[in-house]
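Worksheet: the structure to be examined is printed underneath.
The values are calculated or read from the model by the stated rules, or taken from the named source; none is laboratory data. What you are looking at is a predicted structure, and each value in this text was computed from that prediction instead of being measured. Every residue, glycine among them, receives a Cβ derived from its backbone with ideal geometry; neighbour counts consider all protein chains shown.
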Amino acid sequence: MFLLNSIFQDPERFDQLVSIAQSSLLPMVKGAIKYTIPLTIITFVLGLILAILTALARISSSKILNTIARIYVSIIRGTPLLVQLFIIFYGLPNLGFTIDPFPSAIIGFSLNVGAYASEIIRAAILSIPKGQWEAGYSIGMNRTQTLKRIIFPQAVRVSIPPLSNTFISLVKDTSLASLVLVSEMFRKAQEIASTNYEFLLLYSEVAILYWIICTVLSIIQGRIESRLDRYVSK
Amino acid sequence: MISIKNLHKSFGDLEVLKGIDLEVELGKVIVIIGPSGSGKTTLLRCLNLLEIPSSGAIEIDDHLMNFNGKEIPQKKIVSFRSLTGMVFQNYNLFPHKTALENVMEGPVIVKGIPKKQAKEKAIQLLNKVGLADKIDDYPFQLSGGQQQRVGIARAMGIEPKVMLFDEPTSALDPELVGDVLQVMKDLAEEGMTMVVVTHEMRFAKEVADEIVFIDHGEIVEKGTPNEIFTHPQHERTRRFLEQIHPLSNNNEH
Ligand SMILES: Nc1ncnc2c1ncn2[C@@H]1O[C@H](COP(=O)(O)OP(=O)(O)OP(=O)(O)O)[C@@H](O)[C@H]1O
Ligand SMILES: [Mg+2]
């Protein structure tokens, strides 16, 4: 209200806000392009690889692999992401491992995505009917071939919607990387706001940028889903 | 050709197969009938090792498998399994693959046959089951009867010595049953060795060389269709036949 009143009563203030918004846009977009987006993409790819390996460990018959995967998922899901990031960035140096902000963030977020996505992939694999395994076996495939050629492609389709949600959450979660000193988009907003105290304006602006990125991603998600739906009756 | 010796299968405490002995000669069609829960599906699944028998032996085309409760290496299971082609009650086609890809999958991935050659053969097989114009359709675009015929073509694709059918028509609308049975008759006429579990008694009468009646995991009686349908020796067989076709026995006389 205060902001709106002051805008309407004072055209000069309005102009000032517009110019701050404009001049802060470039640094924020840069933060997005240099850090937020690469962090999201790299993390998601690494996280997915980790997730697939973890899911395979979870459905394997090996007790050891199964236990390791279980403990990993349990720890990641049972502790706050921010605490995980702090342990990696601020904690590990106490053991003599100092990791730069960006790699720290990549490690932290990848471990996080890996755990959550592994549960999605595992559930998707388990959701494929037993008859599909048997059909694979019946034409002479072994377990690996059946998993790779028959089960996995179908599981991918099942897991695209929840994985897309993970991806979109990740975009937003990368804002936490600001707290381990990565100069991503939100940190840029914080830095600018700390010089001119226009917190509402700058945080709203960065919110809009996140929203635009997520909306674009949702549209892409929709496209991918409808492409993968081609073999499913509507 | 196939020789099953004293085959037992238990699930936990439940003994489902209690010593099955059966011989199937090359090119013969055996139809297995019996009440629900008698172990027909389990017997077929044991023949292609989707279930591992608890004890006994199976020999198919000079490949002998003995069962004694010990774990069998996957390699051995896989190679023995390729001797048989399985047709499932609910088709189990791969939904993410076209009819053609369903049929090519085994030959290409398992047998390593070059794609072009596998494709030609798959088209031939789909032709044979009357689906020449459906090769690029996905399973969801096909009727149940068409899906089941793809299922048969897929099983034939791996060039099995024996085809196993587990109630291939029981999930189908009545008007679609005929086409599938026709395909099976054609196969039988070409000399394919077949073991068929079915409730289609007309098919059994026309096509089977031997009918095997199973109850409670045992073979109660076996014989030619004429022997079983018109002169069943056992009370249990008689009762079963009356149940599924209350009047058909009388009609035969
Ligand atoms: N995987 C399994 N675990 C435990 N019990 C099983 C399993 N598969 C089958 N059975 C049991 O074994 C018995 C025989 O089952 P099976 O499916 O072989 O019968 P069927 O003769 O094919 O019956 P239907 O005509 O209904 O298909 C049943 O009592 C069934 O409950
Ligand atoms: Mg059955």
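Can you confirm whether B:Leu49 is more than 9 Å from ligand 1 (Cβ to nearest atom) and either closer than 20 Å to B:Gly223 by Cα or at pLDDT 95 or above (or both)? Yes; evaluated as a whole, the condition is true for this residue. Taking the conditions (1) within 16 Å of ligand 2 (Cβ to nearest atom); (2) away from every other protein chain (no Cβ under 14 Å); (3) in contact with a Leu (Cβ under 6 Å, 6 or more places away or on another chain) in turn, B:Met86 satisfies each one other than (2).
Identify the residue in the stretch B:15-54 that is buried (at least 16 other Cβ atoms within 10 Å of the Cβ) and among the polar types (S, T, N, Q) and, among all such residues, is farthest from ligand 2 (Cβ to nearest atom). Residue satisfying both the conditions and the ranking: B:Ser54.
Taken over the stretch A:139-159, the residue count meeting the criterion of being at the interface with chain B (Cβ under 7 Å from one of its Cβ atoms) and among the hydrophobic types (A, V, I, L, M, F, W, C) is 3.
In the stretch B:24-37, the residue that is farthest from ligand 1 (Cβ to nearest atom) out of those that are out of contact with any Gly (no Cβ under 7 Å at 6 or more places or on another chain) and part of a loop (DSSP other than H, G, I, E, B) is B:Leu26. In the stretch B:168-191, the residues that are within 17 Å of B:Lys128 (Cα to Cα) reach residues that are crowded, with 18+ Cβ neighbours inside 10 Å and among the charged types (D, E, K, R) with C-beta atoms within less than 8 angstrom, at least six apart or across chains, in these pairs: B:Val177/B:Glu200; B:Asp179/B:Arg149; B:Val180/B:Arg149; B:Leu181/B:Glu200; B:Val183/B:Arg149. Go through the residues of the stretch B:189-212 one by one and say whether even a single one is within 21 Å of B:Ile60 (Cα to Cα), among the charged types (D, E, K, R) and assigned to a strand (DSSP E or B). Yes: the stretch B:189-212 contains one or more residues that are within 21 Å of B:Ile60 (Cα to Cα), among the charged types (D, E, K, R) and assigned to a strand (DSSP E or B). Here A:Ile49 meets each of (1) within 23 Å of the chain's Cα centre (by Cα); (2) surrounded by 15 or more Cβ atoms within 10 Å (Cβ to Cβ) with one exception, condition (2). Considered as a group, the residues in the stretch A:124-135 that are small (Gly, Ala, Ser) and more than 8 Å from chain B (Cβ to nearest Cβ) include one that is farthest from B:Met86 (Cα to Cα), and that residue is A:Ala124.
For every residue, the table says whether it meets (1) away from ligand 2 (no atom under 16 Å from the Cβ); (2) more than 29 Å from B:Glu59 (Cβ to Cβ).
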position	(1), (2)
B:Glu120	yes, yes
B:Leu125	yes, no
B:Lys134	yes, yes
B:Gln146	yes, yes
B:Arg149	yes, yes
B:Lys161	yes, no
B:Glu167	no, no
